[in-house]
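Asks: Just dropping this structure here.
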Amino acid sequence: LIPALQGTFPGVNIQGCYFHFCQAVLRKVTDLGMRTSYIHEVATKKKVKMLLATAFLPPHDVPVAVELLGRDATGSIAALFNYFRVEWMPPDRLPLWNVYNVNIRTNNDLEGWHFKMNRLAGKRHLGFYELLQLLIDEQGSTETLIQQVTSRRVTASVTDKN
């Protein structure tokens, strides 16, 4: 998928989601049988959290940091660090999960927009013209909001949650 996106949109910056990166690593913690020690052992939890925190380091500092963190690792922790090096450290993968100097680190906004579009659609599968009309309507709403923001006349939107 990534090569297809880069081929279709040359120069596009492809950024992974920090939340989903953490989820994947924590899933591996469970797969390695470390869930109980992660929950109950402070040292294990700290080591895993420090590994996840390497995402906030400058990319060129990550390999050294991971090496230093994993230097004394044994057993399951060593297996986790090995997995991390193989799965997340290759030069083409590291920029996808590294969030150093990245303002938007999760895809929450996109998931919120997707939820809104599904709600507006009112059904799971739209025909082509129904989808097209939904997107045209959304574009119109977006243009209106942009005009309101630039003219400083934004009206508050209130949602009834009952």
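Asks: Exactly one condition in (1) surrounded by 11 or more Cβ atoms within 10 Å (Cβ to Cβ); (2) modelled with pLDDT of 90 or more; (3) of a type outside the set (S, T, N, Q) is false for Arg71; which is it?
Replies: (1)
Asks: Between a residue in segment 40-57 that is closer than 13 Å to Trp88 by Cβ and outside the structural domain of Leu68 (by TED's automatic domain parsing) and any residue that is aromatic (Phe, Trp, Tyr) and buried (at least 16 other Cβ atoms within 10 Å of the Cβ), which pairs come within a Cβ distance under 6 Å, given they are 6 or more apart or on different chains?
Replies: From segment 40-57, no pairs qualify.
Asks: Sticking with this one: Among (1) touching a helix residue (DSSP H, G or I) at 6+ places or on another chain (Cβ under 7 Å); (2) under 23 Å from Asn13 (Cβ atoms); (3) among the aliphatic types (A, V, I, L, M); (4) not in a helix (DSSP H, G or I), which single condition is Ala73 missing?
Replies: (2)
Asks: Here's another thing I want to ask about it. Only one of Ala79, Ala121 is farther than 23 Å from Cys17 by Cα and either acidic (Asp, Glu) or in contact (Cβ under 8 Å) with a residue 40 or more places away in the chain (or both). Can you tell me which?
Replies: Details: Ala121 fails: either acidic (Asp, Glu) or in contact (Cβ under 8 Å) with a residue 40 or more places away in the chain (or both).
Going through Ala79, Ala121 in turn, just one is farther than 23 Å from Cys17 by Cα and either acidic (Asp, Glu) or in contact (Cβ under 8 Å) with a residue 40 or more places away in the chain (or both): Ala79.
Asks: Identify, by number, the condition in (1) surrounded by 15 or more Cβ atoms within 10 Å (Cβ to Cβ); (2) more than 24 Å from Tyr18 (Cα to Cα); (3) aromatic (Phe, Trp, Tyr) that Phe128 doesn't meet.
Replies: With respect to (1) surrounded by 15 or more Cβ atoms within 10 Å (Cβ to Cβ); (2) more than 24 Å from Tyr18 (Cα to Cα); (3) aromatic (Phe, Trp, Tyr), Phe128 is out only on (1).
The values are calculated or read from the model by the stated rules, or taken from the named source; none is laboratory data. Note that the coordinates shown come from a computational prediction; the quantities given were computed from them, not determined experimentally. Cβ: placed from backbone, ideal geometry, glycine included. Neighbour counts: every protein chain shown.
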